[in-house]
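Below is one structure, written out as C-alpha cells; the observations come after it.
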Amino acid sequence: MENERKSGAKPHTSGTRVAGGSEPRPPLTLAELLEILVKDELLSTVQAKDIEGRAITLRSRVVKERVGSVRSQAAVRYNASPAEIVAAAALPHPTKPRKRVDEDCIAESLAKAASLPYLKIDPLRLDSNLITKTLSRPFVKRHVVVPLERDGEHLRVAITDPFDSMLLETLTSSIQAPLTYVVSSKRDVLAIIDRIYGLKTSITKAESELGDGSPGGTLVQLVELRSNAELASSDEHVIAAVDHLLTYAFEQRASDIHLEPRAIDGVVRFRIDGILHDIEVVPLAVHAAITSRIKVLAGMNIAERRRPQDGRIKTQRGEKEVELRVSSISTAFGEKIVIRVFDPTILMADLSELGFNSSEREAYEKWITSPSGLVLVTGPTGSGKTTTLYSTLRYLAGPEINITTVEDPIEMIDPRFCQVQVQRQIELSFASALRSILRQDPDIIMVGEIRDPETAQMAVQAALTGHLVFSTVHTRDAAGAVTRLVDLHVERFLLSSVLRGVLAQRLLRQICPHCGVDGYLTPDQVNTLGLKVPVEQRERLVVRWGEGCVDCRHTGLYGRTGVFEMLDVGARVRGLIKGGQDANEIGRAARVEGMETLRESALRKLAEGVTTFGEVARLTADVE
C-alpha cells in the first residue's frame, strides 16, 4: 500500500500489546486521545479542554452527520469514537494553512504515538476477495478494522485505535496468519467496509440466485439511491449492487462508468479525471443482470440486445441530484454499458470556476452580454464545451429572460431553460426545431451543435433577427470555426456581421493540492516546449508537479481546468472574414490584436503552477 508515514519503528505484529503492560487494555478514551494530541502539538491545552467541555454537543454533530438523525435507533447504536468527536470541532491545523484537524491528522498522530505506520487507504487498490474472505461484515463493522493486503506471509490490517490491545488479541485469535498493523481514519475504514462488503456481497448473492446462465418512457426517470444501511438489509441483490455501484462512482468523482463484458466475466471501470481505473470484476451472469437493471432505470428496451440504445436516469440521494446518460452497444460477449455522469456541481459551475483569467473573463462576458449575435465554442469531444455553455446559460438566466435550447441529447435538465430534444424519427432536427423556436419569443438560443448547412444558416438568421445564439462546432482552433461555417454555405458578409467571438478550449489536469511540490524544468523539457530562454536560465525555470498520493490516485493530478483561445471579432477580423481570408490569416490578425493561443494559455498555466509539464506537452502535441 502507498502513502504510509512511518516513525522509524517496525510495524507491530500479532501478539504485540501496543499499549504496553501485562493486561490487555480497552479502547482510548477522549481524555487519553486529547493528551496524545496535545503532546504531539496538534492541539493546545486550551483547545483540548474546550473539546472535553463540548463533548456531548460534538458527539451529536458526529451522529447527525453519520446517521442523519440524533433521535433514531441507529443514532443510539452509533458509537462515536474520540477521534470523530475531536474532528467534529473543526479546529485549524497548527502548521498547515487552510487545513483542519480532521480524522486523518488524528490517525497520523495516533500512529506516531504507537510507533506504527499511518496509511491513507486507496479504495481502488484493494483486493475485495481477500477482504471479504478474511473477516465477516459484522466483525469489521463492530471493530472498525479492515484487512488490506498480503505482505509476504503477513496480512496487513488497518485499525483505528492502535492502543486497543483487546482488539489486537481478538484479531490474532480470529485470523490464522501473522498480522501487521497500520493506522487509518475511521471514516476511511467505514467507507471501505460499505463499498467492499456492500457491493461484493450483493454481487455474490446475485450470482448464487442467477446461476451460470446469461439472461436474455419519459425523458428522465427519478431514482432515489438508498443509504448504505438500507442497502445492507436489502434482499434485492442486483438492485443493491447497482445502487452501491452508482453511489461509489459519485463518491470517487467518476465522470464515466464502464460495464464491459468479457469472455468469462465482466469488468467495471471508472473514468476519473480522464483516466480509466478497474473497479470490480463480476461474473458474466451478474453483468447481464446489472445491465438489465440499468436499462430499466434508463427507460430502455431490455428485450432489445442487438441494437445500440440511449437512455437517461436522474438519481437522487439526499438533497443531491445527479443526471446520468446511458448508452448500450452489443459486443462479442454481450452488451456493454457506458454511463456518463453529469454532476450539476461541475456541469453548472460558475464562470469563475472554468479557468478564465481576468482578461479572458472580461472578454467572454462582453460577448455573452451582447444583445444579439453568434458566440461559438469549439473543441474536440471531452474538451468541456458543454460545461462552458451550461455555465454561461446559468449565468445569464433570470425571470425576465427566455432561454431556449435544442440539444441532441439534452445533457442535463435545468428548470431555468426551455430544452428541446432532437428527434429524427419524427423529423425534428436542429434546423426544424430552431425554426419553431424562433416563433416562441426567445431571447437567448443555444444550439447543441452546428453540423449541417441548414442548421448553420438558421443559427445565423436567428442572430441577425436580434437573438443571442450560442452553439458548438468541431474545429481544432478558434479561427477554424470561421472556415467551418463558410464550408457549411454561410455567406461571409452575414457571418462577419453576426459573429461576436469564438472560444476554443481544452481541459488540462491540475496539480494535486495535497502533494504538489516545486521543481525545475530540465533543458530537454524547455526545448520540448519551444521556450526561448537564455542558456544561463534554462535550468532555473520554476514549475510545480505532484509527487502522487492517495487523493490523486498517485498521478500527482487532481481535477481539471480549462485553457482557452479567444478569437474576438473586432473590426480587423471582421474585415478579413468578409474579404475571404483563410483561417491562418484570421488567426495571425487575432494574435496581433492580443489573442492568446491554446499553447500559450497552457504555458501560462504551467508558469502559474496550475498544471504540469506533461499536461502541457500533451496539449501542445494536440494543437500543433
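The values are calculated or read from the model by the stated rules, or taken from the named source; none is laboratory data. Quantities reported herein were computed from a predicted structural model and do not represent experimental measurements. All Cβ positions, glycine included, derive from the backbone under ideal geometry; neighbour counts span all protein chains shown.
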**Prompt:** Looking at ASP568, is it touching a strand residue (DSSP E or B) at 6+ places or on another chain (Cβ under 6 Å) and assigned by TED's automatic domain parsing to the domain that holds VAL502?
**Reply:** yes
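Suppose the filter is in contact with a Pro (Cβ under 8 Å, 6 or more places away or on another chain) and at pLDDT 90 or above; does THR404 pass it?
Working: in contact with a Pro (Cβ under 8 Å, 6 or more places away or on another chain): yes; at pLDDT 90 or above: yes.
So THR404 fits the description; yes.
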**Request:** Look through segment 148-172, keep the residues that are touching a His at 6+ places or on another chain (Cβ under 9 Å) and more than 15 Å from ILE192 (Cα to Cα), and return whichever of them is surrounded by the fewest Cβ atoms within 10 Å (Cβ to Cβ).
**Result:** THR170
**Message:** Which numbered condition in (1) more than 23 Å from THR204 (Cβ to Cβ); (2) at pLDDT 90 or above is the only one that ILE339 fails?
**Reply:** (1)
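Condition check ((1) in a helix (DSSP H, G or I); (2) assigned by TED's automatic domain parsing to the domain that holds THR180; (3) surrounded by 13 or more Cβ atoms within 10 Å (Cβ to Cβ)) across all residues:
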site: LYS49; (1), (2), (3): yes, yes, yes
site: GLU52; (1), (2), (3): yes, yes, yes
site: ILE56; (1), (2), (3): yes, yes, no
site: ARG66; (1), (2), (3): yes, yes, yes
site: ALA83; (1), (2), (3): yes, yes, yes
site: PRO94; (1), (2), (3): no, yes, yes
site: ASP104; (1), (2), (3): yes, yes, yes
site: SER109; (1), (2), (3): yes, yes, yes
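Out of the residues in segment 342-358 that are at pLDDT 90 or above and among the hydrophobic types (A, V, I, L, M, F, W, C), which is surrounded by the most Cβ atoms within 10 Å (Cβ to Cβ)? Spell out how you get there, then give the answer.
Step one: list which residues in segment 342-358 are at pLDDT 90 or above, which gives 354-358.
Within this subset, residues satisfying the condition of being among the hydrophobic types (A, V, I, L, M, F, W, C) are 354, 356.
Details: LEU354: 19, PHE356: 21.
Only one residue tops the list, namely PHE356.
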**Prompt:** If you check GLY384 against the conditions, is it within 30 Å of SER601 (Cβ to Cβ), at pLDDT 90 or above and surrounded by 21 or more Cβ atoms within 10 Å (Cβ to Cβ)?
**Reply:** no
**Message:** Among the residues of segment 472-490, are any part of a strand (DSSP E or B), surrounded by 20 or more Cβ atoms within 10 Å (Cβ to Cβ), touching an Asp or Glu at 6+ places or on another chain (Cβ under 8 Å) and not acidic (Asp, Glu)?
**Reply:** yes
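If you scan segment 224-248, which residues turn out to be at pLDDT below 55 and in a helix (DSSP H, G or I)?
Filtering segment 224-248 for residues at pLDDT below 55 gives 227-235.
Within segment 224-248, ASN228, ALA229, GLU230, LEU231, ALA232 qualify.
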**Asked** Among the residues of segment 180-202, which ones are surrounded by 20 or more Cβ atoms within 10 Å (Cβ to Cβ) and not in a helix (DSSP H, G or I)?
**Response** TYR181, VAL182, VAL183, SER184, SER185
**Request:** Take segment 390-423 and flag every residue that is within 22 Å of VAL326 (Cβ to Cβ) and in a helix (DSSP H, G or I).
**Result:** TYR390
**Prompt:** Which fully enclosed helices (runs of 4 or more DSSP H) of segment 507-609 have 2 or more residues being crowded, with 20+ Cβ neighbours inside 10 Å?
**Reply:** 571-578, 583-592, 598-607
**Message:** Considering only segment 294-301, I want to know if a residue exists there that is outside the structural domain of ASP414 (by TED's automatic domain parsing), surrounded by fewer than 21 Cβ atoms within 10 Å (Cβ to Cβ), under 25 Å from THR204 (Cβ atoms) and touching a helix residue (DSSP H, G or I) at 6+ places or on another chain (Cβ under 7 Å).
**Reply:** no
**Counted residues, segment 427-466 - those being crowded, with 23+ Cβ neighbours inside 10 Å and assigned to a loop (DSSP other than H, G, I, E, B)** = 2
